[in-house]
Structures are given as C-alpha cells and as structure tokens.
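Notes follow the structure.
The values are calculated or read from the model by the stated rules, or taken from the named source; none is laboratory data. All values reported here derive from a predicted model rather than from experimental measurement. All Cβ positions, glycine included, derive from the backbone under ideal geometry; neighbour counts span all protein chains shown. Keep in mind that these areas ignore ligands, DNA and RNA; they rest on the heavy atoms of the full protein, side chains included. Shrake-Rupley method; radii C 1.70, N 1.55, O 1.52, S 1.80 Å.
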Amino acid sequence: MKYLVTGGAGFIGSHLVERLLGDDHTVTVLDNFSSGRIENLDQVKGNPRLLIRHVDVAHYEEIKPFFEGVDWVFHLAALADIVPSIRRPLIYHKSNVDGTIAVLEAARSAGVKRLVYAASSSCYGVTDKFPTPETAPIKPMYPYALTKYLGEQYVLHWNKTYRLPCVSLRLFNVYGPRARTSSTYGAVFGVFLAQKLAGKPFTVVGDGTQTRDFTFVTDVVDAFLRAADSEIESEIFNVGSGNTYSINYLVSLLGGDVVHIPKRPGEPDCTFADICKISQTLGWQPKVRFEEGVRLMFQNIDRWRDAPVWDEKSIAEATIDWFKHLGASPS
Ligand code: UDP
C-alpha cells in the first residue's frame, strides 16, 4: 500500500511513519519543517520506501502531484500551540484551514481511498461533561482550537459533497518520546522534562489538581490505523487514554521541587475523553498505562538537553497575550 502522511516529521506523524514503514508500506512525508524535525525520522532514514518532501500543505499546486497513486492519506500537518495562535491568527488559518482544504482537494482529485484527519480535543473548550463524548458542545477558546475545528468541518464536508471517505480523530493530550520541543512555551511534558534535566523546579499551574487525559503516542498511531483500515466514514472519534491524571501525580512520578504559577484563562480543570464510540465502532483500546508512558519518556529524556528551560518569569512573559486576550473574553 502507498500512504501519505502530512506533518510526517512532527511528533505524532513520525511515529506513524515509522509504524507504516515497519509494516512494509511505502510512505510519502509532506512537511514544511516549521516545527517538524528531520531528526524525528532518524530511525527510518535511508529507507528506500520513504520519500520526504519539504513542502507546505497550503500550497495546493505543489502538493498535488504527491497524491497520485496514494491509497490512504493521514493529515497531521498543522501549526500547534495556543499563544502563537493568539498572536498570529492569520498564519494559523492558512496552515490549519487552507492547508486542510488543499490536502482534501489533492486527495479528492487523486481519488485516494481514505483520509484520516488529526483533530483536537481543544474544540470542547471548558466543558462540564466528563468523560466528554463527541456530542458535547463545541466551544473553541483560542484560534488554534478554532482552526483545527474548522479543518474538521471541511473534512466532513468533503465527505458529504464529494464522497471522499474521511474520518476525524479528536486527540487528547498526546505525549511520548519525541514530543515536540521548540522555542515556544507549550505542552507540559516538554516543559517539565527540560526543567528536570536542568535541576529546576516544575512550574505547576494553579494547585496542580487539574487533570489531563494523557494519551500515549503509540496508542494514537493505532487509532489512526484502525480508522484508516475500516469501512466507517464521515465519523468523529475521541482518542483518549480512558482516564485522567492530575499534574500533581505527574510531578510525583517525575520527582522534584515545584513552584506554582497562575492558572491561565480559558484553561479546563479536566480533560477526559469518552472513548466508548471508538472502542465499540473500531475496536480500539489504549494499551499504554500512564506510569509506563512516563517511564518511556524518561528513557528519552536526553532529547530535552537542548530544549528551553522555562521558569516563572519567562513563562509570565511568554503568556502575556494569553492573559491579555483570553482573560478579558466571556467564557
Ligand atoms: N501545566 C503546568 N505547568 C506548565 C505547563 C502546563 O502545570 O508549565 C499543566 C496545565 O495546567 C495543564 C497540563 O499541564 O493542566 C497540560 O498542559 P498542556 O499545555 O500540555 O495542554 P493543555 O492545557 O492544552 O491540555
């Protein structure tokens, strides 16, 4: 089979590429390397069944030829992170919405058999329904969440209008080796592991009792394959761990001192996916326990040696726009 993975040099994308190549398939990676890193594909470097193309998915004419003869498309390319999306909403729209339409069009014109979209659980915003089912109200709290949700709407629309077989997976707090680290303040694992290596205290938001549905990356890869390898289409599925874990528990597993930083506006106290639908429809179940996932991250801690080490002051500076804009907005 021939597969195409957009964002294949990113954190989740690179794990998916590794898995597809391991299963003896041919894989084309499209990545603009804005946050994706070629080192993420080190383990598959030189594989004759892997083609890596440095292109931006928003450039339809450039990406179109790579879809010819492709069986399945996995669309993971996107700009992530909250603060830069508040600062630069136009480029988020360009990447996450225009980029998705370009991928859908290229997939449609090439007649690909299936497309799986990486959507985000951030579309639920601050909800009060736990575990949260796919039918929960949509309340994006910042441009990143909105653009990922709009991308999902386009995916479903291409299915309805053009019969392109599509599935959308709403991912909850994915973590694992190679979790992206860049100069941007973002996902908690990158922040905490760099602090751990530097012997600095963990910057715990609020009192640390807030919980997240941390989902291990190889389980997420399994969900992508299940979704692609099925007859189901035009469906949305939550992908979560089946549980929710407090930041204080994560700190206890990592071990170290803490400092507390203010709670950010629009931040949920809990994320917790209802995964009944994907379990019942696709037979998918998460396999990696949180404690085991954290241990595997620890084994890879060296990857954070060159990562930025955040502290109270630098986080306060990095999140100014978060407080400024979201602090004032109605919930
Ligand atoms: N978090 C934290 N300290 C940090 C960064 C994050 O305690 O320096 C917490 C944050 O409050 C949230 C969890 O870690 O409860 C996950 O945060 P992340 O930004 O990774 O994901 P999101 O909040 O978007 O779910």
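Were the residues from Asp321 through Arg295 laid out at 0.36 nm apart, the gain over their Cα-Cα distance would be 6.0 nm. Derived scalar couplings between HN and Hα for the stretch 24-34 equal 6, 9, 9, 10, 9, 9, 10, 8, 8, 6, 6 Hz in order, rounded to whole Hz, by the Karplus curve 6.51 cos²θ - 1.76 cosθ + 1.60 (θ = phi - 60°), x for Gly and Pro. Extension gain for Asn248-Ser182 works out to 21.3 nm (0.36 nm per residue, less the C-alpha to C-alpha distance). Rg/Rh for the chain stands at 0.94; both radii use Cα atoms, and Rh follows the Kirkwood definition. Its residue count N sets the reference 2.2 N^0.38 Å, and the alpha-carbon radius of gyration of the stretch 267-306 equals 1.68 times that reference. If one puts a single equal scatterer on every Cα of the stretch 238-331 and applies the Debye formula without solvent, what log₁₀ I(q)/I(0) results at q = 0.16, 0.17, 0.20, 0.23 Å⁻¹? The Cα Debye sum returns log10 ratios of -1.01, -1.08, -1.18, -1.21.
Taking a straight Cα-Cα cut-off under 12 Å and skipping sequence neighbours fewer than 8 places away in the same chain, the aspartates and glutamates within cross-link reach of Lys94 are Asp56. Per residue, the chain exposes 43 Å² of accessible surface when a 1.4 Å probe is rolled over the protein heavy atoms with every protein chain present. Take the solvent-accessible surface of the protein heavy atoms, probe 1.4 Å, and return the percent of it on the stretch 221-331 that carbon and sulfur atoms account for. Heavy-atom surface of the stretch 221-331 belonging to carbon and sulfur, 1.4 Å probe: 51 percent. Of all segments of the chain bounded by trypsin sites (Lys or Arg not before Pro) found in a DSSP loop with no more than 15 other C-beta atoms within 10 Å, the longest spans 164-262.
Take the solvent-accessible surface of the protein heavy atoms, probe 1.4 Å, and return the percent of it on the stretch 1-141 that carbon and sulfur atoms account for. That share works out to 53 percent. Comparing mean-square fluctuations of Ser85, Ser183, Ser14 from a GNM of the chain with C-alpha springs under 10 Å, the top value falls on Ser183. The modelled label-to-label distance for the pair Arg49/Lys313, using points 7 Å beyond Cα in the direction of Cβ, is 5.2 nm. Backbone geometry of the stretch 39-49 corresponds, through the Karplus equation with coefficients 6.51, -1.76 and 1.60 at θ = phi - 60°, to 3J(HN,Hα) couplings of 5, 4, 9, 3, 5, 10, 4, x, 5, x, 8 Hz, x marking Gly and Pro.
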